[in-house]
There are 2 protein chains.
Amino acid sequence: MDVGQINVQRQNGVALWRQIADRIRASIANGEYDATGMVPPEMVLAAQFGVNRHTVRSALAALAQEGIVRAMQGRGTLIERKERLNFPISQRTRFTEGIGDQARKKEGLLLSSAEEPAPAALASSLRIAEGAPVIRLETLRKADRRPVSRSTNWFPAGRFAGMKEAYEASGSITAAFQALGLSDYWRFSTEITATHADGADLADLQLSPGAIILVARALNVDPDGVPVQYAVSRFPADMVQFTIAN
Amino acid sequence: MDVGQINVQRQNGVALWRQIADRIRASIANGEYDATGMVPPEMVLAAQFGVNRHTVRSALAALAQEGIVRAMQGRGTLIERKERLNFPISQRTRFTEGIGDQARKKEGLLLSSAEEPAPAALASSLRIAEGAPVIRLETLRKADRRPVSRSTNWFPAGRFAGMKEAYEASGSITAAFQALGLSDYWRFSTEITATHADGADLADLQLSPGAIILVARALNVDPDGVPVQYAVSRFPADMVQFTIAN
DNA sequence: TATGGTTGTCTATATTAATAGACATTTGAG
DNA sequence: CTCAAATGTCTATTAATATAGACAACCATA
């Protein structure tokens, strides 16, 4: 096997151990170590990355902290978890259905809620008057007990007055809409960007600092094309991918 | 104006100055400093982030290196560049058209090319036999002389034998397809993930280490639904966003 | 032209990241 | 049992990161 030197950048604000941890995490997600179910030995990784073994150990310790690997003295470092949830994005995008059977247990938790006047940009998206009341729900979604996204959702307050209670009862936006008389809705548009995790991401999504967040800004409309929800959702980038099928 | 403390993480593999540089870059892209066209004074930023002024200076120096800001002694730090290109993703996704008038000058450069046998996963996507010959083009796309994506493109070698020359001549996949007799094609599917920039990203896209990359894996098909191109494109996350309109 | 606000530069110190080497401990296989 | 291979732990040193303080240089403007 040819073992080319793998490129890492020095002296540039991102510690070597973190760069290496990110690479190994990606390799695990890509199935590169599926043959053995283990990460290569520390000395091998150190040679591949051209760093000291202790630096590799720092990277592996971070991955162990995330629950991705588990080091076993005398044996090697086992891969514990290897997951990347796929979220299809289409006209009928729904979180719970989208996960499908990729996870057994799906949860939606309400972190907080408020009623507030819509700022200009939001009002424009929802096609309501600036300052008109909107209901804001901060939610956390989990799959198999692991947090996979945190979202801020806005709804026109006039039309969906009981949104908070309906979501709390069901843990699902789709179910809440149905409880409030909206049986169907469509995804009108989705914007996707990426950024570094902020403090709230780290806490709510149980990430380690330096993690990457995929941000999806979505507008949902009813069958008549009237906006019913604007949502900003943040996903850990190493756990999910989006698929757009045309 | 209330100036809440902005959260930065210590001792976690990403240097404070880099975290702060990333935040300021994002704030610039979000238009938060449009009123003045300048970044707040170093002392103000230091207070906001809860760090020493020298740490903020390191962050600003990095942004100046990227050409995003320019410090002027006695006056302040001017915002030089503020861009986030929007890429619509749809059935008719095309790079050049997608940018539209967001940039004046659009270029497509061929970095390298090769003909090689298709590995299993690629062959499956392109619906050809494993090991069948494919043409691989490594390309770099620029808008207004700034690199905005680097892509690896695969085409079935039998059908698109002159792809390399056609692309070199036009700098456009769409034009190359037309030159080879394919007048129209559709985007069949797109997968989007995010990761840290690797060494090649840093070099080709002129990024600073720690930058985030949006990765799009796309399959294009001809009007009969036959796959004609599989592409993996990498975009600097702080320069672009994807929009999916349904 | 005097002043306040801003960036530029310098010195010094403490903490963190990375390297280097040595040796202990555990496991699996011969 | 013995040995090779792998992870665990320890000490020491160097380089990078971050803080602290002082003052110079420059700019706009009152």
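When you check B:Glu97 against the structure, is it within 14 Å of chain A (Cβ to nearest Cβ) and either open to solvent by less than 80 Å² (accessible area, probe 1.4 Å) or modelled with pLDDT under 75 (or both), yes or no? Even if it seems obvious, please write down each step before you answer.
Numbers: within 14 Å of chain A (Cβ to nearest Cβ): no; either open to solvent by less than 80 Å² (accessible area, probe 1.4 Å) or modelled with pLDDT under 75 (or both): yes.
It is false that B:Glu97 is within 14 Å of chain A (Cβ to nearest Cβ) and either open to solvent by less than 80 Å² (accessible area, probe 1.4 Å) or modelled with pLDDT under 75 (or both).
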Quiz item: So B:Pro133 clears everything in (1) surrounded by fewer than 16 Cβ atoms within 10 Å (Cβ to Cβ); (2) closer than 30 Å to B:Ala59 by Cα except one condition, right? Which one?
Solution: (2)
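Go through the residues of the stretch B:126-147 one by one and say whether even a single one is assigned to a strand (DSSP E or B), in the same structural domain as B:Val228 (by TED's automatic domain parsing) and either hydroxyl-bearing (Ser, Thr, Tyr) or on the phi > 0 side of the Ramachandran plot (or both). Walk me through how you get there before you give the answer.
Taking the stretch B:126-147 first, the residues assigned to a strand (DSSP E or B) are B:133-143, B:146-147.
With in the same structural domain as B:Val228 (by TED's automatic domain parsing) added as a condition, the list becomes B:133-143, B:146-147.
Retained after the next criterion (residues that are either hydroxyl-bearing (Ser, Thr, Tyr) or on the phi > 0 side of the Ramachandran plot (or both)): B:139.
Yes, some residue in the stretch B:126-147 is assigned to a strand (DSSP E or B), in the same structural domain as B:Val228 (by TED's automatic domain parsing) and either hydroxyl-bearing (Ser, Thr, Tyr) or on the phi > 0 side of the Ramachandran plot (or both).
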Quiz item: In this structure, is B:Arg23 touching a strand residue (DSSP E or B) at 6+ places or on another chain (Cβ under 9 Å), modelled with pLDDT under 75 and under 23 Å from A:Thr195 (Cα atoms)?
Solution: no
Quiz item: B:Val226 is checked against (1) at pLDDT below 85; (2) in contact with a Lys or Arg (Cβ under 9 Å, 6 or more places away or on another chain); (3) open to solvent by 30 Å² or more (accessible area, probe 1.4 Å) and fails just one. What number does that condition carry?
Solution: (1)
Quiz item: What is the one condition in (1) in a strand (DSSP E or B); (2) modelled with pLDDT under 90; (3) among the hydrophobic types (A, V, I, L, M, F, W, C) that B:Ala121 does not satisfy?
Solution: (1)
Self-check item: Whichever residue in the stretch B:38-73 is open to solvent by less than 30 Å² (accessible area, probe 1.4 Å) and within 11 Å of DNA strand C (Cβ to nearest atom) and, among such residues, is nearest to the chain's Cα centre (by Cα)
Solution: B:Val69
Self-check item: helices (runs of 4 or more DSSP H) wholly inside the stretch A:150-223 containing at least 1 residues that are touching a helix residue (DSSP H, G or I) at 6+ places or on another chain (Cβ under 6 Å) and away from chain B (no Cβ under 14 Å)
Solution: A:163-170, A:173-179
Quiz prompt | the stretch B:68-92 residues that are modelled with pLDDT of 85 or more, paired with ones that are among the aromatic types (Phe, Trp, Tyr) and not in a strand (DSSP E or B) (beta carbon under 7 Å, 6 or more apart) | solution = B:Ile79/B:Tyr33
Self-check item: Within the stretch A:46-67, considering residues that are at pLDDT 90 or above and near DNA strand D (Cβ under 8 Å from one of its atoms), the one nearest to A:Ile192 (Cα to Cα)
Solution: A:Leu60
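The values are calculated or read from the model by the stated rules, or taken from the named source; none is laboratory data. As the structure is a computational prediction, the values presented were derived from the model and not from experiment. Cβ sites come from the backbone with ideal geometry, for glycine too, and all protein chains shown count toward neighbours. Heads up: the accessible areas ignore ligands, DNA and RNA and are worked out on the full protein's heavy atoms, side chains in. Shrake-Rupley method; radii C 1.70, N 1.55, O 1.52, S 1.80 Å.
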